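The values are calculated or read from the model by the stated rules, or taken from the named source; none is laboratory data. Quick caveat: nothing in here was measured; it's all calculated off a predicted structure. Every residue, glycine among them, receives a Cβ derived from its backbone with ideal geometry; neighbour counts consider all protein chains shown.
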Amino acid sequence: MDIAAIIAKAENTHKLAKQEIVALLADDAHTQEIFAAADRVRRRYVGDEVHLRGLIEFSNTCRQNCHYCGLRRDNTNVVRYRMEPDAIIDLARKAKEYGYRTVVLQSGEDPYYTVDILRHIISEIKKLGVAVTLSIGEKSRDEYAAYRQAGADRYLLRIETTDRLLYEDLDPGMSFENRLRCLRDLRSLGYELGTGCLIGLPGQTLESLADDILFFQEIDADMIGVGPFIPNPDTPLAAAAGGAFTSSLKVMAIIRLLLPDINIPATTAMETLDKNGRMIALQSGANVVMPNVTEGDYRRHYALYPGKICVGDTPAQCRSCITGKITAIGRGISTGHGFRLRKTAQENGE
Ligand code: SAM
Ligand code: SF4
Ligand code: FES
C-alpha cells in the first residue's frame, strides 16, 4: 500500500479502513510523517494550548484482579491506602491553587467509597469551580447517575482492548459486555466520555489495535488515553514483553488523525519509557497532560507498573516542571476547563 497516500487521506478526510490502519501500524519507514500529520491536525482542530488536569490517586485498594496491574487484589506487595474524604477535598483545593481547572479522581475499584461518600466529595469539589473527572472503574448505571447529579463532568474508563477474548483473559471475573454497558451508560448520562487502550499486551495484534481505533471513532469518544503496557514484576504478566514507545505514539497519532477534535493526553506511561515522552507526545497529536497532585508516599504506593515518573516529587515540583517543559516546546497552558469543542472538517475550513 502507498503509505504516504494513506497518511494524506487520514489527514484530509479523517477516515481510514481497517486495512489502511493496519498498514500504518506495520510500517516503520514513515513514522515521522505520521507524527507530523497528527501534529498539524492537532494544531488545526484544538490549537496550541495544553490543558492540564490535576490527578488525585485517592485509593490504591482494588477488588479487581487485572493481570497487568500492580493494584490487583492478589498483589500482597503493595502497601494499601485510602484517603479520607476531607483529605481528598483538601488536595482538590490545592490543585485549584496550583491553577488546574480540572481535577481527576482516580482509584482502584474500592467499595469503601459508597455512593453517599462519593457524592459528598464530588459536590464539595465542584464548589471550587473546577471540572471533575472520575476514573474509578465499573459501577451500576444508578451509581453513575448519582455521581453525575452530584456534578461530575467526565469519566475515564479504558476499554483496555476491544479483543473480547483477550480482555476476558486478562481481566478475570470481568465481562467485556459490562465494560461496553458502562461506556454506553456514561455516554447517555451526559458525561464527557474518556476511554483508551493498552498497547503491547501479550497476544495483541495490529488488527486488534486497528479495531480499538475504529471503536473509539464509532463510539465518538471525547477523550482517548493510550499508553504502553509496562510489565509489573508483582503480577502474572511479569515476564511479558510489554509495549514499545514508538508503537504507542503511533497509535496515539492515528487516533488524532481520525478523531481530530477530541482531547488526547500525553500519558505518564509514555514518559516512563522515554524521558521526554510526554513532550514528544504533545508534538505528535496530544493536547492534554495530567500532572500528579497526590502527596507524599501515596504516589509511590499507587504502583501500577515499575519506573512510574514523579514518585519522589511534590505537586509543586510537578506543576513548575510541566510548565517549563510545555513552554520550552513553544506551547501555552490553557486557562479554560478544556471541554471538547466539537468541530467538523467543514467548520474547520477543510
Ligand atoms: N481502576 C480504574 C480502572 O481500571 O478503570 C482506574 C484506575 S486504573 C489503575 C487506570 C489505568 O491504568 C487502567 O485503565 C490501565 O489501562 C492502566 N494500567 C494498569 N496497569 C498498567 C500497566 N502495567 N502498564 C500501563 N498501564 C497500566
Ligand atoms: Fe483495579 Fe483498575 Fe488496576 Fe484493574 S486496572 S486492578 S480495576 S486499579
Ligand atoms: Fe512531575 Fe516533571 S511532571 S516532576
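Determine if the range 64-85 includes at least one residue that is at pLDDT 95 or above, in a helix (DSSP H, G or I) and within 16 Å of ligand 1 (Cβ to nearest atom).
Looking only at the range 64-85, we keep the residues that are at pLDDT 95 or above, and these are 64-85.
With in a helix (DSSP H, G or I) added as a condition, the list becomes 85.
Filter once more, keeping what is within 16 Å of ligand 1 (Cβ to nearest atom): none.
No, the conditions are met nowhere in the range 64-85.
When the test is whether a residue is hydroxyl-bearing (Ser, Thr, Tyr), in a helix (DSSP H, G or I) and within 16 Å of ligand 1 (Cβ to nearest atom), THR272 passes it.
Restricting attention to the range 150-204, the residues that are in contact with a strand residue (DSSP E or B) (Cβ under 6 Å, 6 or more places away or on another chain), among the basic types (Lys, Arg) and within 14 Å of ligand 1 (Cβ to nearest atom) total 2. Out of the residues in the range 86-111 that are of a type in the set (A, V, I, L, M) and in a helix (DSSP H, G or I), which is farthest from ligand 3 (Cβ to nearest atom)? Checking each candidate, the answer is ILE89. For the range 77-133, the tally of residues that are among the basic types (Lys, Arg) and within 19 Å of the chain's Cα centre (by Cα) stands at 1. Are there any pairs, at least 6 apart or on different chains, whose C-beta atoms fall under 7 Å, with the first in the range 303-329 and without any contact (Cβ under 8 Å) to a residue 12 or more places away in the chain and the second more than 16 Å from ligand 2 (Cβ to nearest atom), and if so, which? If the second residue must be more than 16 Å from ligand 2 (Cβ to nearest atom), the pairs left are THR323/ILE333.
Pairing each residue of the range 227-255 that is outside any helix (DSSP H, G or I) with any residue that is of a type in the set (Val, Ile, Thr), provided the two are 6+ apart or on different chains, yields C-beta distances under 7 Å for GLY227/ILE199; GLY227/THR267; PRO228/ILE199; PHE229/ILE199; ILE230/THR272; GLY242/ILE230; GLY243/ILE199.
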